[in-house]
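S.K.: Quick one: the structure is below, questions incoming.
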Amino acid sequence: MTPVIRFSNVVKRYNLGLTRTSVPSVISQWLKQIAGGSSESAGDKYHWALNDVSFELQKGQSLALVGPNGAGKSTILKLLAKITTPTSGEVKVDGQLSALIELGAGFHPDLTGRENIYLNGTILGLSYKDIDKRFDEIVAFSELDRFIDTPVKRYSSGMTVRLGFAVASCIEPDILLVDEVLAVGDASFRQKCIERIKKLLSNGTSLIFVSHDMGLVKAVCDTAIYIEQGKVLQYGGAAEVIETYNRVLDQRRALKLRSGESASENESIVEITKVEILDGNGQAFDSVYTDEPFVVRLNYFAYKNIGRANALVRIYRSDGISCCVMRTSLDEFPVELKEGQGSITVKLEPAQLFGGSYYVSAWIMNAEDADGLANSASEWFEIKNRMPGLEMHDGVFEPLRKWNHDFIGHPAVAEKTAHTGENN
């Protein structure tokens, strides 16, 4: 089978420092290179964003790009979208490609949402009639019907993402590229995007997905690449690659804690080191019954005194359904974060979830519960039923309940009894 994407020994190199493009400066720089007048080494002058990267993507396959900031993930997407070109190597794309890789990319701020839909659709190769056919679906998906004739420059970041993803996905491309922009949208819209992505995959669309939310990656992608400093360190199943990546992060975190480093201005002030799923006795488990309790524990490290904060825990089912969300702010549970290690736990007594596979996405939020300071996800865990017939497609959770049955009897019998005085 011919792959829809093929990266062959791709190298992308950027020049460091100020690059002047006037004719005299170009000639001057060229003469200096000939004369050997530059004292900088090649390593000092260039940044290797990608270094000999190779992979393939088949039709209908989903691939996650995993790695720290600056690893080269967005560079791969930009090469695929032809925003930039490789320094060497070959990038082949076979099929119609739609990309959502930067907030508001491809939108003109002075044009309305309606005008930008037609502009973006045209850029993606659709005719005016094709856009007309999809227009109502795009607007419905974005949930922006009230604002569709408002200039995009007046949209919030979340609204911009809604419109961008609606256009990118509703045209049903052969290949869809999605970067971290989904992190800007609210939880319900992210869930909607997951469902849309799964539908596209089932219809043969190929996906390349970039996210730091490993739970989201597991829910969407079956393969992954771990890339760092422009080099591919592992390429394989999503679960195995994520396990390797998390292990590396744990090792670096431990080294940082031992060295007593503090966070710089550009680093996070708090980090969720691990999200654990434990049974009622505080032990790790592979599965638990729906009528048994379990605990979600957020282990964190704060690199400075933060003060008041909030925790958010959301449970996702394997099909991407958000089953519930729990917030310390709504439950009036105060959280104070001081420099050092700690943990925040929430206990579900009992689980009440229907049988199936689940994972937890956890956040530490600021004092106002408005902005996320750190996030992470748990491993998958299983919920089992005591009796058959309560599988996950039948519902989300099994509520605590109490049945009652009042028997009045047949109205005619009751009336006869009242008139004759029987049984008195």
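S.K.: Select, from 160, 244, the only residue that is surrounded by 20 or more Cβ atoms within 10 Å (Cβ to Cβ), hydroxyl-bearing (Ser, Thr, Tyr) and either assigned to a helix (DSSP H, G or I) or out of contact with any Lys or Arg (no Cβ under 9 Å at 6 or more places or on another chain) (or both).
M.R.: 160
S.K.: What residue, of 129, 73, is of a type in the set (D, E, K, R) and surrounded by 21 or more Cβ atoms within 10 Å (Cβ to Cβ)?
M.R.: From the options 129, 73, the qualifying one is 73.
S.K.: Within the bounds of segment 329-343, is there any residue that is at pLDDT 90 or above and in contact with a Pro (Cβ under 8 Å, 6 or more places away or on another chain)?
M.R.: Within segment 329-343, none of the residues are at pLDDT 90 or above and in contact with a Pro (Cβ under 8 Å, 6 or more places away or on another chain).
S.K.: Now for a different question. Scan segment 163-184 residue by residue and report those that are buried (at least 20 other Cβ atoms within 10 Å of the Cβ) and at pLDDT below 80.
M.R.: 171, 181, 182, listed by residue number.
S.K.: Could I ask something else about it? Can you name the residue in segment 134-157 that is in a helix (DSSP H, G or I) and of a type in the set (Gly, Ala, Ser) and, of all such residues, is farthest from residue 106 (Cα to Cα)?
M.R.: 140
S.K.: Output the residues belonging to segment 110-133 that are among the hydroxyl-bearing types (Ser, Thr, Tyr), over 24 Å from residue 192 (Cα atoms) and in a helix (DSSP H, G or I).
M.R.: 122, 128 - these are the residues of segment 110-133 that are among the hydroxyl-bearing types (Ser, Thr, Tyr), over 24 Å from residue 192 (Cα atoms) and in a helix (DSSP H, G or I).
S.K.: Follow-up. Going through 311, 302 one at a time, which residue ends up being surrounded by 13 or more Cβ atoms within 10 Å (Cβ to Cβ) and modelled with pLDDT of 90 or more?
M.R.: Answer to the selection: 311.
S.K.: For segment 1-102, list the helices (runs of 4 or more DSSP H) that sit wholly inside it and hold at least 3 residues that are at pLDDT below 90 and within 24 Å of the chain's Cα centre (by Cα); which are they?
M.R.: Hits in segment 1-102: 73-80.
S.K.: Any chance you could count how many residues in segment 326-359 are out of contact with any Gly (no Cβ under 9 Å at 6 or more places or on another chain), surrounded by fewer than 13 Cβ atoms within 10 Å (Cβ to Cβ) and at negative phi?
M.R.: Residues that pass the stated criteria total 5.
S.K.: Would you mind stating whether residue 153 is free of Cβ contacts under 8 Å to residues at least 60 places away in the same chain, touching an Asp or Glu at 6+ places or on another chain (Cβ under 7 Å) and surrounded by fewer than 20 Cβ atoms within 10 Å (Cβ to Cβ)?
M.R.: yes
S.K.: Which condition from (1) farther than 30 Å from residue 227 by Cα; (2) buried (at least 20 other Cβ atoms within 10 Å of the Cβ); (3) among the β-branched types (Val, Ile, Thr) is the one that residue 197 breaks?
M.R.: Every condition holds for residue 197 apart from (1).
The values are calculated or read from the model by the stated rules, or taken from the named source; none is laboratory data. On a predicted model such as this, the values are computed, not experimentally measured, just so you know. Glycine also receives a Cβ, built like all others from the backbone with ideal geometry; neighbour counts cover every protein chain displayed.
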